[in-house]
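Comments concern the structure below.
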Amino acid sequence: MPFNILVAVSLLYVVVLFGVAFVAERRARGGLAGWLRSPLVYTLSLSIYCTAWTFYGAVGYAARSGLEFLTIYLGPTLVFVGWWWVLRKLVRIGRAQRVTSIADLISSRYGKSNFLGVLVTLMAVLASTPYIALQLQSVTLSFGVFASDTPEGWALPDQGATALWLAAGLTLFTILFGTRNLDANERHHGIVMAIAVEAVVKLVALLAVGIFVVWGVAGGVADVLARIDASAISDWNLKPGRWAGLTFVSAAAILTLPRMFQVMVVENADERHVATASWAFPLYLMLMSLFVVPIAVVGLEIMPAGSNPDLFVLTIPLSAGAGKLALLAFLGGFSSATSMVIVAAIALATMVSNHIVTPLWLALRVGSARAPGDVRGIVLMSRRLSIGAVLALGYTYYHLSGGSAALAAIGLISFVGAAQVLPAMIGGIYWRGATHVGAAMGLITGFGIWLYCLFLPSFGADGLISTQVMAEGPFGIGWLRPQALFGIVGLDPLLHALFWSILLNTATFLIGSLASFPGPMERLQGVAFVNIFDQSSGPGGWVKSAAEAEDLLSMSQRILGPEEAQRFFQAQAAAQGKLGFLPDPTPDFIARLERQLAGSVGAATSHAMIAQLSGGATVSVQDLIAVAGEAQQIKEYSAQLEAKSDELARTARALREANDKLTDLSVQKDAFLSQISHELRTPMTSIRAFSEILMEVDLPDEMRTKYAGIIHDETRRLTRLLDDLLDLSVLENRRVQSNIGVANLHDLLSKAVTSASNTRPDRAFVVQRDAASEHMPVFTDTDRLLQVFINIVSNARKYCDAERAVLRIEVKKRGRIVEIDFIDNGSGIPKKSQALIFEKFARLTDTSHAGGAGLGLAICREIMANLGGSIDYLPGQGGAAFRVRLPLKRAS
Amino acid sequence: MRDKHIVLIEDEPNIAEAIRFILSREGVRVTHHASGAGALAMLQAERPDVLVLDLMLPDRSGLEILAELRAAPAFAALPVLMLTARGQNRDREAAERAGASAFLAKPFANADLLAVVRELARGGA
Amino acid sequence: MPHNQPLFLARRSYRRRRMMDAVRLLPAFGAVLLMLPLLWQPADTPEPDTAHGLVYLFAVWLVLIVAALSLSRGLAPALLAPEEPVSPGTEADAGGEGGAG
């Protein structure tokens, strides 16, 4: 097959992947994630577990070590069918705590310790770099297969260049789809979708080759089984230690490999997907393993001796002349390699950027406050640079190791390295006593042993550790020999490193945790992680037998809100002399907390919750009934409150208005009575005084006449007042007998002007009228209307203070209403008094020349109301102005 | 009562006429003012022996004028007869608080008025 | 045992509890079966039996997958829904050992 076609197919495939990622990203942004986030896609994305090491290497592994390769897939199978234990919890924690990587998980659990984050990041980079190199190598090798085995006979131009191009292309793809945006959840829809497609391709490719081998080359299942027993593989040495150890390490690795954590926890969109993956992923693994042994057996049989069994997947179809199948197999291998590299690069870049680059940048930037957007940009940039750096590291490693055989074993070495996180992880999510001191000690110990016993020696004799150290130990200390710690010789190097690293890792983790004391943040996080299911299933899910401060704080935070709760706890801790720590749960403190909580949830609930946490008291039925009662009351109360608050507001407003009115009325009544008294007593005073004078003394006749006249006048005034009062009372009660008649408005006005001329007849007073407009019939109680007109004209005569008083009367007809305006040229009525003039006794100036009791306008208002019209003061007319509105025809 | 000088502040012309007649007949000099405006200055000029003051004046309350008088040292001891047409106890109390020497509700008997003014004129002399 | 969990569970919730027990036991069961090769020395057997071993391992694998499949069907909804206690209207014969798991 020509090299160009191979390259063209690879490029085309890459373009398709770009397209898939692009479309998925677009759909996800448009809110159309839908099936992109199905359990199927989730399961397929997990397939990055099967790298090129699986795709090509499993067959080679089987050819060399029989069925041992199966342990690599059986371990994860056990983890997945046991998903209820660990996976479910990890995913829940990952979602609840917004965990962005395995380093973030460890850092977050142990009090957001960045030291642990950095530690795990460094370990992950170190363990993953050779693995990435392995992927680059496998793709390069597969190119080489086509180069050497085809009749066209082209030679692979330059392996290094192929690997470089591959690394560059992967960097581009990962940066494009891995750092498009900073999602708080660190999810990458495009990449996950592309990986799912690649998962299908590699599965189909491997199944196709397997089917071809079993039914094309061999004679079916029975024949293959016979061939297996006949082959050299049948004599494989099963090492029980390796069987168990590798199963364990692969089970650990599926939880702790950074890339697996990325797809399994970080990219998880729905917890229920884990349930599906619990059977679907083992199924995928089984299918990937199904034809490994047959391919190995047939390959060993038909391929020339000495050919690399790692490449049987490619070479068998090629030698059988199935070029297209070989091409498919090539694409499968290509998919396995690229998907692993992409996800590993994203996972590592997230860790490097979050735990190393960004904190460093922020630390260096201290003091220069910058906009948050700037930080975002920096984070994105550091992601991109980190992705580039991770791939550059992988390529460099590949370049330096020169594709040595050491790479073949790197898969398992990498697994053991990743597994060092296991004690800190499992301890962290199941044991609240785990502390960051313990975690750090365990990680450093385990990782150190792994480096010393497994990683460094893997570079071969005189690689990074000299032969002398390997044989005699550092500085000649025998019991420190890298592959024979404590003088125990003869162990399989991998098992030796696995045993000691995990054992000492776990031991130091436990000892460190038991011996140290966690900080408040750490204890809080510990509760949040360990009790993740209790917390999300609502309050009261506390399983502890004794109240611990973090339980109480955690609960209080949910009830009081984080700030308030923390303030309270800090104050209490300070009171106990433990500034900066959590307070001890003394009876005094618990009682105070209970009171504090009671303010929010009610006393019974508060008591029951505290009782549950402090464990001493059990919750009685009475407690529960009280709780239910409180809850019910609160529920009803809040429902009612909502409905009632509006009504209450309305009622309150109405009450306030009514009260104002009553107060007003009362004040008015007092004022009215007081006024009546005054208005009656004033004329009576004159009458009494003068009548006594007339009775007592002899007076000249003219004086006697004068005084009698005064008495007469005052008596009339008194009568008029009583008439007015009676009038008003009748009018106000609307019991007036209407005397409807018809009259010409002009005549009425003329009569009013004439009658009013009695008032201050001495005054020069001009009345301006427009007779033409006044001629119209009005159907109403004409006497009452006349009374109103007289009152208005008299008022004008009395109060108009102009030098030459002029009253203008204007009549306008507006539909069925006639408006009669009386406007004088005086100074008018002050604004503040305008509202008062129609009130009883609202006489604005002194009575001396008014001669009335101040009831006139009040009576006018009542009359007009009775006649179905109105009388109003017209402001802004130059003088005092009144407008009388009257319906032309009184509706009776 | 002879040669006594009485100032009357009353807005009702007929009532003022009656009081002036009643008091003048006893040989008292009566000065009438229809409004309370500038009462202090007027009293300063008139220097009366007794002041007869209506409680409800058109421009200002008699109580106000009284309070003003009592605040001035020159009139702190001036005998003041308060007249009111409202005759309620509240008014009487208010007048006493403001420092009225005597109080009469309208309508009053001429003899009562005379007796009170005579009493005040003697005390103030 | 958490205090707040209902004592008597509805039949469905009770069934679910037992499924949780099963899913917890499944990996242990699988581990035991998959560790059988520890007792096996294929190189020393008189007749080659690697093919049989292979078939055995894949059979165990398949059993685990099928078991996980049936359990996950029943448990996936439990990830979201809370457990329901027996209410007066439902059958109460499901037994009274809720929360044993």
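Against the condition small (Gly, Ala, Ser) and surrounded by fewer than 24 Cβ atoms within 10 Å (Cβ to Cβ), how does A:Gly323 come out, does it pass? Spelling it out, A:Gly323 is indeed small (Gly, Ala, Ser) and surrounded by fewer than 24 Cβ atoms within 10 Å (Cβ to Cβ). Can you confirm whether segment A:743-760 contains a residue that is of a type in the set (Gly, Ala, Ser), assigned to a loop (DSSP other than H, G, I, E, B) and touching a Phe, Trp or Tyr at 6+ places or on another chain (Cβ under 9 Å)? Looking through segment A:743-760, at least one residue is of a type in the set (Gly, Ala, Ser), assigned to a loop (DSSP other than H, G, I, E, B) and touching a Phe, Trp or Tyr at 6+ places or on another chain (Cβ under 9 Å).
Per the listing B:Ala94, B:Ala85, the residue uniquely of a type outside the set (Val, Ile, Thr), closer than 16 Å to A:Pro683 by Cα and at pLDDT below 85 is B:Ala85.
As a summary of the residue check, A:Asn114 satisfies the conditions (1) modelled with pLDDT under 85; (2) within 18 Å of A:Trp53 (Cα to Cα) except for the one numbered (2). Note on segment C:9-32: residues that are buried (at least 17 other Cβ atoms within 10 Å of the Cβ) and more than 10 Å from every other protein chain (Cβ to nearest Cβ) total 6. Does B:Arg122 qualify as being among the basic types (Lys, Arg), modelled with pLDDT under 85 and within 24 Å of A:Ile711 (Cα to Cα)? So B:Arg122 does not fit the description; no.
Of all the residues in segment A:283-312, those that are assigned to a helix (DSSP H, G or I) and more than 17 Å from A:Leu70 (Cα to Cα) number 7. The numbered conditions (1) facing chain A (nearest Cβ under 8 Å); (2) free of Cβ contacts under 8 Å to residues at least 40 places away in the same chain are all true for C:Ala67 except (2). Taking segment B:99-125 as the range and being part of a loop (DSSP other than H, G, I, E, B) and not aliphatic (A, V, I, L, M) as the test, the residues that pass are B:Gly99, B:Ser101, B:Lys106, B:Pro107, B:Phe108.
Being in contact (Cβ under 8 Å) with a residue 60 or more places away in the chain, over 29 Å from A:Leu494 (Cβ atoms) and either in the same structural domain as A:Met123 (by TED's automatic domain parsing) or surrounded by 24 or more Cβ atoms within 10 Å (Cβ to Cβ) (or both) holds for only one residue in A:Ala252, A:Ala275, and it is A:Ala275. Which one of B:Asp91, B:Asp112 is within 12 Å of another protein chain (Cβ to nearest Cβ), charged (D, E, K, R) and crowded, with 18+ Cβ neighbours inside 10 Å? Answer to the selection: B:Asp91.
Residues are listed down the side, and each one gets a yes or a no for (1) touching a helix residue (DSSP H, G or I) at 6+ places or on another chain (Cβ under 8 Å); (2) crowded, with 21+ Cβ neighbours inside 10 Å:
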{"site": "B:Glu17", "(1), (2)": "yes, no"}
{"site": "B:Phe21", "(1), (2)": "yes, no"}
{"site": "B:Gly27", "(1), (2)": "no, no"}
{"site": "B:Ala34", "(1), (2)": "yes, no"}
{"site": "B:Leu43", "(1), (2)": "yes, yes"}
{"site": "B:Arg47", "(1), (2)": "no, no"}
{"site": "B:Leu55", "(1), (2)": "yes, yes"}
{"site": "B:Ser101", "(1), (2)": "yes, no"}
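Out of A:Thr685, A:Thr780, A:Thr719, A:Thr715, I need the residue that is out of contact with any helix residue (DSSP H, G or I) (no Cβ under 7 Å at 6 or more places or on another chain), within 30 Å of B:Leu83 (Cα to Cα) and of a type in the set (Ser, Thr, Tyr). Which one? The conditions single out A:Thr719.
Looking across segment B:10-68 at every residue that is in contact with a Ser or Thr (Cβ under 6 Å, 6 or more places away or on another chain) and among the acidic types (Asp, Glu), the one that is modelled with the lowest pLDDT is identified as B:Asp59. What do you reckon, is A:Asp660 modelled with pLDDT under 80 and either within 14 Å of chain B (Cβ to nearest Cβ) or loosely packed, with under 11 Cβ neighbours inside 10 Å (or both)? Judged against the criteria, A:Asp660 is not a match.
Let me confirm something: among A:Asp270, A:Asp310, which residue is out of contact with any Asp or Glu (no Cβ under 8 Å at 6 or more places or on another chain), surrounded by fewer than 20 Cβ atoms within 10 Å (Cβ to Cβ) and of a type in the set (D, E, K, R)?
Checking each option against the conditions leaves just A:Asp270.
Scanning segment A:219-256 for residues that are within 7 Å of another protein chain (Cβ to nearest Cβ), closer than 26 Å to A:Ala305 by Cβ and of a type outside the set (A, V, I, L, M) yields A:Asp229, A:Ser234, A:Asp235, A:Trp236, A:Asn237. Candidates A:Lys840, A:Lys813: the one that is surrounded by fewer than 19 Cβ atoms within 10 Å (Cβ to Cβ), out of contact with any strand residue (DSSP E or B) (no Cβ under 6 Å at 6 or more places or on another chain) and modelled with pLDDT under 90 is A:Lys813.
Quick check on A:Phe80: is it crowded, with 24+ Cβ neighbours inside 10 Å and in the same structural domain as A:Val292 (by TED's automatic domain parsing)? Against the criterion (crowded, with 24+ Cβ neighbours inside 10 Å and in the same structural domain as A:Val292 (by TED's automatic domain parsing)), A:Phe80 qualifies.
The set of residues in segment B:38-59 being touching a residue at least 60 places away in the same chain (Cβ under 8 Å) and within 14 Å of chain A (Cβ to nearest Cβ) consists of B:Val52 alone.
Conditions (1) free of Cβ contacts under 8 Å to residues at least 40 places away in the same chain; (2) assigned to a loop (DSSP other than H, G, I, E, B); (3) within 60 Å of the chain's Cα centre (by Cα), marked per residue:
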residue	(1), (2), (3)
A:Arg784	no, no, no
A:Gln787	no, no, no
A:Ile790	yes, no, no
A:Val793	no, no, no
A:Glu803	yes, yes, no
A:Lys812	yes, no, no
A:Phe822	no, no, no
A:Ile837	yes, yes, no
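Tell me yes or no: at least one residue of segment A:725-733 is over 25 Å from A:Arg797 (Cα atoms) and in a strand (DSSP E or B). Looking for residues that are over 25 Å from A:Arg797 (Cα atoms) and in a strand (DSSP E or B), one finds none in segment A:725-733, hence no.
Considering A:Ala226, A:Ala280, A:Ala222, the condition of being assigned to a helix (DSSP H, G or I) and closer than 23 Å to A:Thr71 by Cβ is satisfied by A:Ala280 alone. The set of residues in segment A:45-93 that are under 45 Å from the mean Cα position of the chain (by Cα), away from chain C (no Cβ under 14 Å) and not in a helix (DSSP H, G or I) comprises A:Cys50, A:Thr51.
The values are calculated or read from the model by the stated rules, or taken from the named source; none is laboratory data. In this text the structure is predicted, and so the values were computed from the model without any measurement. No Cβ is skipped: glycine too gets one built from the backbone with ideal geometry, and neighbour counts run over all protein chains shown.
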